[in-house]
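The values are calculated or read from the model by the stated rules, or taken from the named source; none is laboratory data. These numbers come from a predicted model, not from an experiment. We place every Cβ from the backbone using ideal geometry, glycine too, and count neighbours over all the protein chains shown. All accessible areas refer to the heavy atoms of the entire protein, side chains included, with ligands and DNA or RNA removed. Shrake-Rupley method; radii C 1.70, N 1.55, O 1.52, S 1.80 Å.
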Amino acid sequence: MRIAVVGSGYVGLVAGACFADLGHDVIVVDNDQQKLAALTRGEVPIHEKFLPELLQRHRGQRLKFSDDLHAAVRASAAIFVAVGTPPTDSGDADLSYVESVAREISGGIDDYKIVVEKSTVPVYTSEWVRKIILRNGADAELFDVASNPEFLREGTAVTDFLFPDRIVVGADSERCAGVLREIYAPLSDGSYYQRADAIPHPDRAQVPPPLIVTSTKSAELIKHASNAFLAMKISFINAVASICESVGANVQQVCRGIGTDSRIGPRFLNPGIGYGGSCFPKDLMAFRSVARECGYEFRLLDEVMRINEEQRQRFLRKVRNALWTLRGKRLAVLGLAFKGGTDDIRESPAILLIQSLVQEGCVVVAYDPAATERAREVLRSNVEFASNPYDAAAGADALLLLTEWEEFSALDLAQLNRKLRYPIVIDGRNLYDPEIMAAHGFSYYSVGRAPALPEGSPTSGDGRGQGQKKI
Ligand SMILES: NC(=O)c1ccc[n+]([C@@H]2O[C@H](COP(=O)([O-])OP(=O)(O)OC[C@H]3O[C@@H](n4cnc5c(N)ncnc54)[C@H](O)[C@@H]3O)[C@@H](O)[C@H]2O)c1
């Protein structure tokens, strides 16, 4: 199949590389000349496991890069739109990039093609895309608009794409659904997984994935509803963690007890400093706006967002409780990306927390395995960047763990203790066992669990017993 993918960001580039790996001929189109030049030179602009291998395998052969959308549309049977849909000031999705692409696609429709929304868009978008393409002169018989939402997660984007839980195809005609079935056939019939050169099978994946065909509107809703549900799970467990802190229960034990119920499941039940990233915050706001436009006040989503915001404030209070005053304190921060495995710092709770700490007068020395360069662009005054966790810790009044990178859960604790000015660790991701940290001489504060203090150490700054803390 000949495919065009418009947008070479996290979704477009990964989708393009994976479609090529499934055997399709792909043109990835972007209007960012710098990005295109870097891609053509062989650079990999984002940090994603297996992406360099796939680009190396297909670049210049089954995978090409171009700024000529018109030509790419004419050459393709399916055009996937994967441009950004950022939030506007009012919280709606800004669909102007989608609209401008739809306008341009129109002129290239010379025989039957499908235009597929890969970006996350509100439920009425497919109708608008169709209208815009028609308004700009395309023949109504020559195209269909479909929705094929993307569920990949940054950090595991390639394996998520190739080993998905499900493939959702929203199409309003059998002809259109047929094209999408054909594109995904190597996954849905399992043949991709038999190949010797297939990307390695991740632990949890069940193959082949089911291909679920729905109406276009249902597919659009599935994506927003999925993200809203996952964010709700995170806020729910963060609220439970707050109660654990005030009564002296252990949220890890509570999570195990809840998550082993097969109706609930253990995933996304990790308390921390709240969700972030380029999707959950904006998708929740967009879903709430869509619901409001349809006459439904989705107040549950307001509460999910409120708990998420509050979770960061609670963490800041934890830092103050552990250190007393913040002005002039030197803090080592491990983690800048919004989650482990990615260099994406969009809406990263780590970045937002660092900005608050700097505002309160702290000097921050940060380390992240992948996101430092991006973070440098937004964190300027009073933030230094270290090249490893131990340099970040050197002479610091405390260490904060803000992103769940794998390497942060295997630190050399003795070395860390020697480097810090005071052995205080405030862990926003619950990466360590409190008892082990106390045994290594740390005063250790985490989320939803009692602080652990080394024997004979002074208690935390608020002077109250953990059991009496207010929520
Ligand atoms: N990032 C994720 O984890 C993820 C996961 C699932 C869905 N999504 C959704 O996918 C969409 C894209 O997200 P992303 O993170 O890949 O965005 P991104 O910002 O990383 O990439 C968007 C790309 O589109 C390009 N672009 C914009 N206008 C264009 C135009 N007119 N012609 C050609 N290219 C154009 C930009 O230059 C950019 O390279 C969003 O709707 C997002 O919500 C993202």
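Of all residues assigned to region 266-275, at least one qualifies as being within 15 Å of the ligand (Cβ to nearest atom), among the hydroxyl-bearing types (Ser, Thr, Tyr) and farther than 30 Å from ARG130 by Cβ. Taking (1) more than 16 Å from the ligand (Cβ to nearest atom); (2) buried (at least 18 other Cβ atoms within 10 Å of the Cβ); (3) more than 22 Å from ARG314 (Cβ to Cβ); (4) not charged (D, E, K, R) in turn, GLY341 satisfies each apart from (1).
Rundown of residues vs (1) part of a loop (DSSP other than H, G, I, E, B); (2) in contact (Cβ under 8 Å) with a residue 40 or more places away in the chain, yes/no style:
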| site | (1), (2) |
| --- | --- |
| SER242 | no, yes |
| GLN252 | no, yes |
| ARG256 | no, no |
| ILE264 | yes, no |
| ARG267 | yes, no |
| GLY276 | yes, yes |
| MET285 | no, yes |
| LEU300 | no, yes |
| ASN308 | no, yes |
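Within region 193-221, take every residue that is within 25 Å of the chain's Cα centre (by Cα) and among the small types (Gly, Ala, Ser) and give me the one that is least open to solvent (accessible area, probe 1.4 Å). Looking at the filtered set, the residue picked out is ALA219.
Residue selection: LEU162 satisfies the criterion of being more than 17 Å from GLU220 (Cα to Cα) and either of a type in the set (Gly, Ala, Ser) or under 30 Å from the mean Cα position of the chain (by Cα) (or both). Comparison of ILE114, ILE109, ILE27, ILE132 shows that the only residue that is touching a Cys at 6+ places or on another chain (Cβ under 6 Å) and more than 9 Å from the ligand (Cβ to nearest atom) is ILE114. Those helices (runs of 4 or more DSSP H) of region 363-471 in which at least 2 residues are under 26 Å from GLU245 (Cα atoms) and at pLDDT 95 or above, considering only elements entirely within it, cover 413-419, 434-439.
A count restricted to region 144-158 and to residues that are of a type in the set (Ser, Thr, Tyr) and more than 11 Å from the ligand (Cβ to nearest atom) stands at 1. Reported count of residues in region 280-314, each being open to solvent by less than 50 Å² (accessible area, probe 1.4 Å) and either more than 17 Å from SER90 (Cα to Cα) or within 16 Å of the ligand (Cβ to nearest atom) (or both), is 15. Considering only residues of region 168-183 that are farther than 12 Å from LYS113 by Cα and touching a residue at least 40 places away in the same chain (Cβ under 8 Å), which is nearest to the chain's Cα centre (by Cα)? Only one residue fits best here, namely VAL168. Candidates in region 65-87 are the residues that are open to solvent by 50 Å² or more (accessible area, probe 1.4 Å) and more than 21 Å from GLU150 (Cα to Cα); of these, the one that is farthest from the ligand (Cβ to nearest atom) is ARG74. Consider region 8-23 and keep the residues that are in a loop (DSSP other than H, G, I, E, B) and open to solvent by 10 Å² or more (accessible area, probe 1.4 Å). The one that is nearest to the ligand (Cβ to nearest atom) is GLY9.
Every listed requirement among (1) open to solvent by 20 Å² or more (accessible area, probe 1.4 Å); (2) more than 11 Å from the ligand (Cβ to nearest atom); (3) not charged (D, E, K, R) is met by GLN33 save one, (2). Being touching a helix residue (DSSP H, G or I) at 6+ places or on another chain (Cβ under 7 Å), polar (S, T, N, Q) and either farther than 24 Å from ALA322 by Cα or open to solvent by 40 Å² or more (accessible area, probe 1.4 Å) (or both) is a condition met by at least one residue of region 382-400.
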